[in-house]
Amino acid sequence: MADLRTTVAGISFRNPLWLASGIWGESGNSLKGAWDAGAGGVVTKSIGSEPRMGYPNPTIETYDNWGMLNAMGLPNPGIDEYPQEIGVARDAGATVIGSVFGADADEFARLGERMAATGVVALELNLSCPHAKGLGSEIGQDPDQVREVVSAVKRAVRVPVIAKLTPNHYDVPLLAEAAEKAGADAISAINTVRAMAIDARLRRPVLAHGSGGLSGPAIKPVGLACVWQIFERVKIPIVGMGGIETADDVIEYLLAGARAVQVGTAVAFEGVGVFRRLGEELTRRLDALHVVQVADLVGAAHGAPAAP
């Protein structure tokens, strides 16, 4: 039976299937639920300095078979309230990665220090939300700001730091290089793709915020391309995401260079049972391909001839 264990930034995970930030991570019990269902790691909601309500409804539009459009506005209870939720997940044995967002390097560093103190195994810096003014990708599209944020957080904490990058930039690997030079221990790629929908009858955007971020199978080719390009430009580990629904999706990301993957939209559609299904499917698929361990696939497609 194939060994699903993987290592990212020196941390061992029981399998490469992580719960993505922003999906199912609003409480300790929901994080615990994803862990109990078979996730190899769980990433919290992105947490800020203060409670944030997010945008008014409608905030989500779904599309059968190919994705979801959302503009939630980073709703969260704030760093003062959220640590108790992490405690619930950690008490259940979950491997928890804490996600934070801020408006500048100093705020990221303060939040990172507070989040690290909760016992999370690593921090994920949300440098990539496409619809929060003054936050997310407005910072993460500037390599200099990426460098400043990562450097500040690295000085403040001892746990590994993962920079989550936006696809909404002309050169995503350039952002990865900036994060690596600043000391990032790993890269997460990608967050949602900036997008929108318009109601033809009402003649206005479907989402209250107007634009949002597209996730799900429609963006898988974008995520794969970003992981592929980043792998060829940096040496630190990559966590891939975007449209993962099947074991073959996971394998494609591994072959492109990811050491682990995050699952989001599939959880929204299917529930946390998707982790058990994916884990079982992945084991069978790797056995059928005579793959002994996940690590054997990481980046293996680079340099290989194109499929006929």
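If contacts are Cα pairs under 8 angstrom and at least 6 residues apart, what is the relative contact order of the chain in percent? Before the final figure, lay out each step's value.
Values: 755 pairs, mean separation 60.7, N = 308.
With pairs under 8 Å counted, the relative contact order is 20 percent.
Any idea how many Lys pairs in the range 6-297 come in under 24 angstrom at the alpha carbon, given 8 or more places apart or on separate chains?
15
At M1 and F269, where each label point lies 7 Å from the Cα along Cα→Cβ, what is the point-to-point distance in nanometres?
2.8 nm
What ranking of W18, W228 emerges when the number of other C-beta atoms within 10 Å of each C-beta is taken as an exposure proxy, fewest first?
Result, fewest neighbours first: W228, W18.
Quick check: pseudo-label points 7 Å beyond the Cα along Cα→Cβ at E280 and A295, how many nm apart are they?
Placing both labels 7 Å along Cα→Cβ, they lie 2.9 nm apart.
How many nm separate the modelled label positions at R203 and D80, each set 7 Å beyond the Cα in the direction of the Cβ?
Label at R203, label at D80, 4.6 nm between them.
So for Y253, Y63, fewest C-beta neighbours within 10 Å to most, what's the order?
Listed from fewest to most nearby Cβ atoms, that is Y63, Y253.
Choose one answer from N70, N191, N29: the residue with the largest mean-square fluctuation in a GNM of the chain with alpha-carbon springs under 10 Å.
Result: N29 has the largest fluctuation of those listed.
Among G257, G41, G279, whose mean-square fluctuation peaks in a Gaussian network model of the chain (Cα, cutoff 10 Å)?
Highest fluctuation among the options: G279.
Of all beta bridges DSSP finds with both residues in the chain, what is the antiparallel percent, to the nearest 5?
Counting only bridges with both partners in the chain, antiparallel ones make up about 40 percent.
Rank the residues H209, H290 as a footprinting-exposure proxy: fewest other Cβ atoms within 10 Å of their Cβ go first.
Least crowded to most crowded, the residues run H290, H209.
Bear in mind these aren't lab numbers, they're just calculated from the coordinates by the rules spelled out. Here the structure is a predicted model, which means the values were calculated and not measured. Please note: Cβ atoms are built from the backbone with ideal geometry, for glycine as well, and neighbour counts cover all protein chains shown.
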